[in-house]
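Data block below; observations after.
The values are calculated or read from the model by the stated rules, or taken from the named source; none is laboratory data. The shown structure was predicted, so the numbers you read here are calculated from the model rather than taken from an experiment. Glycine gets a Cβ as well: all are built from the backbone with ideal geometry, and neighbour counts include every protein chain shown. Ligands, DNA and RNA are stripped out before the accessible areas are found, and what is left, the full protein with its side chains, is counted by its heavy atoms. Shrake-Rupley method; radii C 1.70, N 1.55, O 1.52, S 1.80 Å.
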Amino acid sequence: MIYDLIVQSNEYKEFQNDAKHGRLAHAFLVLGVDALVQEMYIKALSTVLICKDFGCGKCKECRAILENKHLAVRTYDNLVGAGGVKAAADLIDDVFMTSFDYPNRVYIIRQGENLSAAVQNKLLKTYEEPPQDAVIFLLASSDANILSTIKSRATKLYLPMFSTKDVLDVLISRGVEKDLAEVASTLSGGRFDVAFNLAEDEELYQQYLDVFDALLNLKSSSDIVGMLSHDAFFKGSQYGKNTEYILKSLDFIEIIFKDVLILKTNSNIEYMTIKKEKELKILAEKYSITALAMAIESIGFAREQLNFNVTPISVVEKLLFAILENAYIYKE
Ligand SMILES: [Zn+2]
């Protein structure tokens, strides 16, 4: 199903179109963070390079690629860390010594963001001038650690982006229970890898409801004390994992406030939360646009404090106080 979304994406169609017109480069730097999309996107691009119909998705070659079984598609995970230079040398040998009857051979190098400069230098010449039938994909979450010499020779590709709705549909089609799928996709920000991780957290949906409850009941500073034992922030079963738990609550608060902003500004952006219009409207009456923007900023500050080991209780207390204070100062 992620595959179906990918082959409908503009990124994929553009690549396919370039392949049909013989305009493709041979060295690509593929950037993006979603591990599941990355894996499927590269498979889809490989089918374009090897299938005689440029990625029909159904023929023997396409199926073998999608099942990770195709001889002419080789993935390298071992260029990171000790032994990386040796592994790069093996890859280069393979690039120059192998030949098949396919239009292309595909080399996939993972974790580009973690490759040492020595490994990148070793790859440089091959990356620059691979044999006519070899295509190299260097995959990386970002290009911050990629040498400029590599970057200047690479054609950059970006992973297609998806909506939380796309993520929701895929989760449900994979049998994730509906409530949990809704909240996992809401929190995922459109990332499939994040969503699938979250979907394994059975308590997540309850936490999401608890955070809504806390925000709806936060009316004056006298409510703050009660919030310090509210399940939205401090739940008995989460003892010892408080920071991690609260970070998720902060994500929820941010998503909720952003949705309230969307509501108040009548913008066309889709809500991240699903079927919570009633609650969003109640919150929209409590907070002005400025107060919401300030609240979102204070969430960022709260995250930083948690990461600097400020005690969770004091972080939550300060955050809630800041939210209320801004609501008061920036009344409509
Ligand atoms: Zn095919």
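Using the 1.4 Å probe convention, the accessible area of the chain works out to 49 Å² per residue with neighbouring protein chains retained. In this structure, the amide hydrogen of Arg105, modeled 1.01 Å from its nitrogen in the peptide plane, lies closer than 5 angstrom to those of Ala134, Val135, counting only residues at least 5 positions away or on a different chain. Taking 28 Å as the limit for the C-alpha separation, the pairs Lys52/Lys86; Lys235/Lys264; Lys219/Lys264; Lys58/Lys178 exceed it in the case of Lys52/Lys86; Lys235/Lys264; Lys58/Lys178. Accessible surface ranking for His230, His21, 1.4 angstrom probe, highest first: His21, His230. Cross-link reach is defined here as a Cα-Cα straight distance under 13 Å, omitting same-chain residues fewer than 8 places apart; for Lys275 the aspartates and glutamates meeting it are Asp179, Glu182, Asp259. Classify the chain as rounded, prolate or oblate from the Cα gyration tensor: take a ≥ b ≥ c as the square roots of its eigenvalues, call it rounded if a/c is under 1.5, otherwise prolate when a/b beats b/c and oblate if not. In terms of gyration-tensor shape, prolate. When Met161, Met227, Met1 are compared by accessible area of protein heavy atoms, the largest-first order is Met161, Met1, Met227, using a 1.4 Å probe. For segment 143-154, backbone phi angles converted through the Karplus equation (6.51, -1.76, 1.60; θ = phi - 60°) give residue-by-residue couplings of 9, 4, 9, 8, 4, 5, 5, 5, 4, 5, 9, 8 Hz, Gly and Pro being listed as x. For every helix of n ≥ 4 consecutive DSSP H residues, a contribution of -39,500 (n - 2.57) applies; sum these over the chain, divide by its total residues, and give [θ] at 222 nm rounded to the nearest 500 deg cm²/dmol. Calculated at 222 nm, the ellipticity per residue is -17500 deg cm²/dmol. Contact order for the chain, expressed relative to its length and based on alpha carbon pairs under 8 Å spaced 6+ residues apart, stands at 15 percent. Cross-link partners for Lys151 among the lysines, with Cα-Cα distance under 21 Å and sequence neighbours closer than 8 places in the same chain left out: Lys122, Lys125.
The Cβ shell under 15 Å around Ala293 holds other residues with a net charge of -1, Lys and Arg each +1, Asp and Glu each -1. Across the accessible surface of segment 2-158, with the other protein chains kept in place and a 1.4 Å probe, carbon and sulfur atoms take up 50 percent. All other residues whose Cβ lies under 11 angstrom from that of Leu24 are scored, Lys and Arg at +1 and Asp and Glu at -1, for a net of 0. Taking trypsin sites (Lys or Arg not before Pro) across segment 157-245, the ones in a DSSP loop with at most 16 further Cβ atoms lying within 10 angstrom of their Cβ are Arg174, Lys219, Lys241. Sorting Phe162, Phe233, Phe96 by accessible area puts them as Phe96, Phe162, Phe233; the probe is 1.4 Å, largest comes first, and only protein heavy atoms count.
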